[in-house]
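A.B. asks: Okay, handing you the structure first.
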Amino acid sequence: MARVKDVYLVRHGESTYNQWRKQSYTTCFCTCMMGHCCDPLIRDAPLSTRGEKQVKELAAAVQAADWAKRITTVVVSPLTRALATALGGFGHLENVRFVVHPLAAEHLDTMCDVGSDVPSLKEKFGDDQRIDWSIVEARGAGGDGEWWYKPGDALSNPPADEIIPRKEPTDAVMERIKTFKADLSIMPEPCLVVVGHSSFFKRMVRQTRRSRVP
């Protein structure tokens with residue numbers, strides 16, 4: 001009989017891209033830049049001010065939750081907004097470790113879903129010994145440190161002003177999710193937290209309705 005595992009899915013706090021999109025929809029304003037509509041071209045979008053506040057609220061909720069006492073491992077997407085949410089929301093837990101997993105990244109659709117290379121992430125989040133970078137480092141082991149989806153004909157490390165996101169096919173995302181779920185299933189912990197992204201989680205749990213975000 002398969003062992004039951006509890007997995008808590010936590011979406012990252014509001015990013016600067018989410019903030020831009022909300023404001024654009026509110027004002028019925030949409031820009032087209034370099035052939036990409038509705039994309040402000042914010043690479044690896046960080047948390048907005050509101051997102052940082054949400055992470056503090058998450059930390060307080062986790063502190064008060066009985067289930068959080070079972071958490072020793074947080075699996076997190078390598079995108080900056082997810083890492084900041086994971087470390088800020090769960091970093092206070094005793095003996096917790098953070099496993100950075102590239103398969104948990106968002107469905108690459110706009111520039112905000114194009115990641116930062118591993119050295120840049122380490123510089124950004126410091127030399128925290130609780131962070132396990134081994135899986136994402138292996139993914140970017142080609143020498144450029146890039147771990148996110150790229151089509152076969154994409155150039156490595158193009159100039160910053162020439163990076164145009166090539167959307168990730170749905171089939172590729174679903175294959176990623178299948179492998180990611182298999183990876184979670186073989187982890188020894190009976191209770192895990194995954195900090196990630198809305199579109200990825202919806203496909204992971206086959207959710208069809210819109211998520212409610214405060």
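A.B. asks: Can you list the HN-Hα couplings for the range 102-108, worked out from phi with the Karplus curve (6.51, -1.76, 1.60; θ = phi - 60°), rounded to whole Hz and with x for Gly and Pro?
C.D. replies: In residue order, the calculated couplings are x, 5, 8, 5, 5, 4, 6 Hz.
A.B. asks: Taking the simple approach of a point 7 Å from Cα along Cα-to-Cβ for both Ala182 and Lys56, what is their distance in nm?
C.D. replies: 4.4 nm
A.B. asks: Per 0.36 nm of contour for each residue apart, how much would the distance between His92 and Glu175 grow if the chain were fully extended, relative to their Cα-Cα spacing?
C.D. replies: 26.5 nm
A.B. asks: I would also like to ask the following. Lys150 to Cys191: FRET efficiency via 1/(1 + (r/R0)^6), r the Cβ-Cβ distance, R0 30 Å, to the nearest 0.05?
C.D. replies: Computed FRET efficiency for Lys150 and Cys191: 0.35.
A.B. asks: Whose amide H sits under 5 Å from the amide H of Ile131, counting only residues 5 or more places off or on another chain, with H placed in the peptide plane?
C.D. replies: It is Phe98, by chain and number.
A.B. asks: So if I take the centroid of the Cα atoms in the range 171-189 and the same for the range 9-23, what is the distance between those two points in Å?
C.D. replies: Value for the Cα centre distance between the two parts: 24 Å.
A.B. asks: Spelling out what I want: for every residue of the range 50-67, take phi, set θ = phi - 60°, compute 6.51 cos²θ - 1.76 cosθ + 1.60 (Karplus), and round to whole Hz; glycine and proline get x.
C.D. replies: 5, x, 5, 5, 4, 5, 5, 5, 4, 4, 5, 5, 5, 4, 8, 8, 5, 5
A.B. asks: Give a residue-ordered list of calculated ³J(HN,Hα) values for the range 190-201 (Karplus: 6.51 cos²θ - 1.76 cosθ + 1.60, θ = phi - 60°; whole Hz; x for Gly, Pro).
C.D. replies: Running phi through 6.51 cos²θ - 1.76 cosθ + 1.60 with θ = phi - 60° gives x, 9, 10, 10, 10, 9, x, 9, 4, 4, 4, 5 Hz.
A.B. asks: Which lysines, if any, have their Cα less than 26 Å from the Cα of Lys202, not counting same-chain residues under 8 positions apart?
C.D. replies: Result set, ordered by chain and number: Lys5, Lys22, Lys53, Lys56, Lys150, Lys167, Lys178, Lys181.
A.B. asks: How large is log10 I(q)/I(0) at q = 0.23 Å⁻¹ when the Debye formula is applied to the Cα atoms of the range 42-152, each weighted equally and without solvent?
C.D. replies: -1.34
A.B. asks: Right, here's the next one. Taking amide H positions as placed 1.01 Å from N in the peptide plane, with prolines and chain starts having none, which residues 5 or more places from Tyr8, or on another chain, fall under 5 Å of its amide H?
C.D. replies: So Tyr8 has HN proximity to Leu192, Val193, Val194.
We did not get these values from a lab; they are worked out from the coordinates using the rules stated. Remember, it's a predicted structure, so these values are computed and weren't measured experimentally. Note: ideal-geometry Cβ built from the backbone for every residue, glycine included; neighbour counts use all protein chains shown.
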